[in-house]
Amino acid sequence: MPSLFERAIDRFIAYLKFEQHASPRTIKEYGADLAQFYNFLSPPGTAAPPLDQIDHRLVREFVAYLYDKNLKKTSIGRKLVTLRTFFKFCLREGVVKQNPARLVSSPKLPKRVPRVIAQDDLGALLDQMLTLPPAQANARKRPLSPRQEEKARLLLKRDRAIMELLYASGLRVSELTSLNMSSIDSSAKMLRVLGKGNKERIVPYGAKAEEALEAYWPVRSKIISSATVEPARQAVFLSHTGARLPARAVQTLVRKYGRIAGIEWNLHPHSLRHAFATHLLSDGADLRAIQELLGHALLSTTQRYTQASIEQLMSVYDKAHPHA
């Protein structure tokens, strides 16, 4: 029979799923973190202490154990966030009388500045997709059959719409893949985006993204008409089978086009979100407005892009100024 501790974990996971509408990835990570904490407290042959007897000293011991396993500080910090959120839930449920994880400090993390692709490089990458040969986009060494070439040409239009929209609106990859046709107001060039914590925001997109979407709509219709599975008719972006395009597929295609364009570091969907924010900031956009567009709860999260913008400016200065 599950212990009170284990039942509390199960209730917490259900709370994340059905009340907080957390993403599957978040639920999986929280579940794994709590399982690791439970196993730490209950080595083979022993039982975990009752929840209400867990204090900050035990949590600190767990953190020390994670350090001994050479975990990154970012991972340790995330696990502490999991414990704080779990005990906050248990406090609300009346299972415990205090949140012991709140008394344990998070590891000091170095301030990371997002790596940002230059405007000219990103523009060249997106323009290149207009004339890219299907065989190169398909990454096949052998010649393509006419049918394969046609399929590659169609998917290239879909991929360009994805890339343009990621850059035009600064979407997270999960937000992009969860877009439905009803999320798009094409007359106003606006998206209704469901972000973290089930929070909705309205985000504009520009002429280049509009053009790419218009080229993609006939492709989407063809995918639906020839779908090999029950097509996801509500979804904006579809796989070649007709299913909703998964986030991992978007990550793969962004990396692929980055390599084709000769970008020497691994481009990922969040790189385009970083570029969206940094390029807006560089051209004079207000930081509060960028915060709203990105869906950040805290302005401090958006302020990372200020440093990225300064670093990019200094890089230009160092290369161009004769006395740099």
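The values are calculated or read from the model by the stated rules, or taken from the named source; none is laboratory data. Bear in mind that the values here come from a model prediction, so they are computed numbers and not experimental data. Every residue, glycine among them, receives a Cβ derived from its backbone with ideal geometry; neighbour counts consider all protein chains shown. We work out accessible area using only protein heavy atoms, side chains counted, and drop any ligands, DNA or RNA first. Shrake-Rupley method; radii C 1.70, N 1.55, O 1.52, S 1.80 Å.
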Next item on the list: Answer with yes or no whether residue 7 is among the basic types (Lys, Arg) and without any contact (Cβ under 8 Å) to a residue 40 or more places away in the chain.
Entry: yes
Scanning region 233-258 for residues that are aliphatic (A, V, I, L, M) and assigned to a helix (DSSP H, G or I), the one farthest from residue 280 (Cα to Cα) turns out to be 249
By residue number, the members of region 1-26 that are closer than 20 Å to residue 53 by Cβ and basic (Lys, Arg) are 7, 11
Note to self: Residues that are aromatic (Phe, Trp, Tyr), open to solvent by 20 Å² or more (accessible area, probe 1.4 Å), part of a helix (DSSP H, G or I) and touching a residue at least 12 places away in the same chain (Cβ under 8 Å): does region 16-32 have at least one?
What the structure shows: yes
| message | Would you confirm, using the coordinates I've provided, whether residue 46 is assigned to a loop (DSSP other than H, G, I, E, B) and open to solvent by 30 Å² or more (accessible area, probe 1.4 Å)? | response | yes
task: Can you confirm whether region 209-232 contains a residue that is touching a residue at least 24 places away in the same chain (Cβ under 8 Å), buried (at least 17 other Cβ atoms within 10 Å of the Cβ), on the phi < 0 side of the Ramachandran plot and not in a helix (DSSP H, G or I)?
output: no
Among helices (runs of 4 or more DSSP H) entirely inside region 67-158, those with 2 or more residues being more than 30 Å from residue 250 (Cα to Cα) and without any contact (Cβ under 8 Å) to a residue 24 or more places away in the chain are 73-93
Quick count over region 33-43, residues being open to solvent by less than 50 Å² (accessible area, probe 1.4 Å) and not aliphatic (A, V, I, L, M), is 5
Of (1) outside any loop (DSSP other than H, G, I, E, B); (2) surrounded by 15 or more Cβ atoms within 10 Å (Cβ to Cβ); (3) modelled with pLDDT under 90, residue 289 satisfies every one except (2)
Scanning region 192-208 residue by residue, the ones that are out of contact with any Leu (no Cβ under 8 Å at 6 or more places or on another chain), in contact (Cβ under 8 Å) with a residue 40 or more places away in the chain and open to solvent by 70 Å² or more (accessible area, probe 1.4 Å) total 3
Would you confirm whether any residue within region 263-273 is modelled with pLDDT of 85 or more, among the charged types (D, E, K, R), surrounded by 14 or more Cβ atoms within 10 Å (Cβ to Cβ) and on the phi < 0 side of the Ramachandran plot? yes
